[in-house]
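> Next up is a structure, given as structure tokens.
The values are calculated or read from the model by the stated rules, or taken from the named source; none is laboratory data. These figures come from a predicted structure and were not determined experimentally. Cβ coordinates were reconstructed from backbone atoms using ideal geometry, including for glycine residues, and neighbour counts include every protein chain displayed.
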Amino acid sequence: MNKIGKRKKMLFVYNPYSGRGEIGQALSDILWRFTVSGYDVMVHPTSAPLDGQSFISDHAGEYDIVVSSGGDGMLHELFAGMINSGSEVTCGYIPSGTINDFASSLMISTNPVEATETIVNGKVKAIDAGLFNGSVFSYVAAFGIFTDVSYSTDQTMKNAIGFFAYLIEILKSMDPRRFMDASAHTRIRLGDREYEDDYIFGFAGNTLSVGGMNNIVPDGAEMNDGLLDCIFIKTPRALGGLDRIRQALMTGRLDIPEIISAKSENVEIFMDKPVAWTLDGEYGGTTDHAYISIKNRAIKITVP
């Protein structure tokens, strides 16, 4: 235990309703572990969307470490709040959502007490953050047929059956009758490369998992290499193309004509109509033009 004169200040922001509310059951153990490890903890439970982001943005610089707990949406607020604050203090994350893509990518335990131990005894890793038309995101910006799954799936359903709720919705999204509605004629600039076609799905991110699936992330993805990992899926024009896409997503073998899989420092996307985007699993607005870039090693976070 640290001596009283050397105690540090921690800001702990958490979403009490995330996942199954498990963080509330473990809260006493979490705070006890932080306290005996030498931290004086300021606790802020969020009360509304973006409340955590706003609080972190306003107060991060007053603390030695900022810890958040919740799902991918809370992680989004942590990243945005930290970068908007201008503070460079270390962060910690206790996942308590349904899928927890980010935690999975960094091998952070979904057990709240084990994740707390990582914050106390783990190492600090600098990782990238993303920018979508100037707005911060933590791990993924995406559009198309899969992207409304995370924010349109009923929370009760998520809590009851977890990943399978997502999987069911994704499979529904593969109904060919939805292709025309979801499709947009799109011009994509990936560095010095340019592509143009009709696309039903695309993402640019900094993650090893999307919606609990590892197969759709490009091989060799790293979370601090200064590069976006990008996937774009063309609108299938025949059943053969649809079958190839399904097979590619199941096996992770993405080298087919219907899929672009690439890395780039930035990507610019022009569409023939406004489409809905998701940022870190939450609704990110509608636009027909997106410029997505990376902030290399912008966030310092504790990992196992």
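> Could you list, in sequence order, the residues of region 260-275 that are hydrophobic (A, V, I, L, M, F, W, C) and either crowded, with 18+ Cβ neighbours inside 10 Å or touching a helix residue (DSSP H, G or I) at 6+ places or on another chain (Cβ under 8 Å) (or both)?
Within region 260-275, Ile260, Ala262, Val267, Ile269, Met271, Val275 meet the criteria.
> Let me ask something else. If I filter region 112-123 for residues that are of a type outside the set (A, V, I, L, M, F, W, C), under 12 Å from the mean Cα position of the chain (by Cα) and closer than 22 Å to Val36 by Cα, do I get at least one hit?
no
> So in region 34-57, with the set limited to residues that are more than 13 Å from Phe12 (Cβ to Cβ) and exposed (fewer than 15 other Cβ atoms within 10 Å of the Cβ), which one is modelled with the lowest pLDDT?
So, considering only residues that are more than 13 Å from Phe12 (Cβ to Cβ) and exposed (fewer than 15 other Cβ atoms within 10 Å of the Cβ), the one modelled with the lowest pLDDT is Pro49.
> May I ask you to say which residue of Ser109, Ser28, Ser54, Ser37 is under 20 Å from Gly130 (Cα atoms) and either under 18 Å from the mean Cα position of the chain (by Cα) or of a type outside the set (Lys, Arg) (or both)?
Selected residue: Ser54, the only one of Ser109, Ser28, Ser54, Ser37 that is under 20 Å from Gly130 (Cα atoms) and either under 18 Å from the mean Cα position of the chain (by Cα) or of a type outside the set (Lys, Arg) (or both).
> Hey, another quick one. Where in region 105-216 are there helices (runs of 4 or more DSSP H), lying wholly inside it, with at least 1 residues that are at pLDDT below 60 and exposed (fewer than 15 other Cβ atoms within 10 Å of the Cβ)?
Hits in region 105-216: 149-152, 155-161, 163-173.
> Turning to a different aspect of this structure: Looking only at region 252-269, which residues are part of a strand (DSSP E or B) and out of contact with any Asp or Glu (no Cβ under 7 Å at 6 or more places or on another chain)?
Hits for region 252-269 are Ile259, Ile260, Ser261, Ala262, Ser264, Asn266, Val267, Glu268, Ile269.
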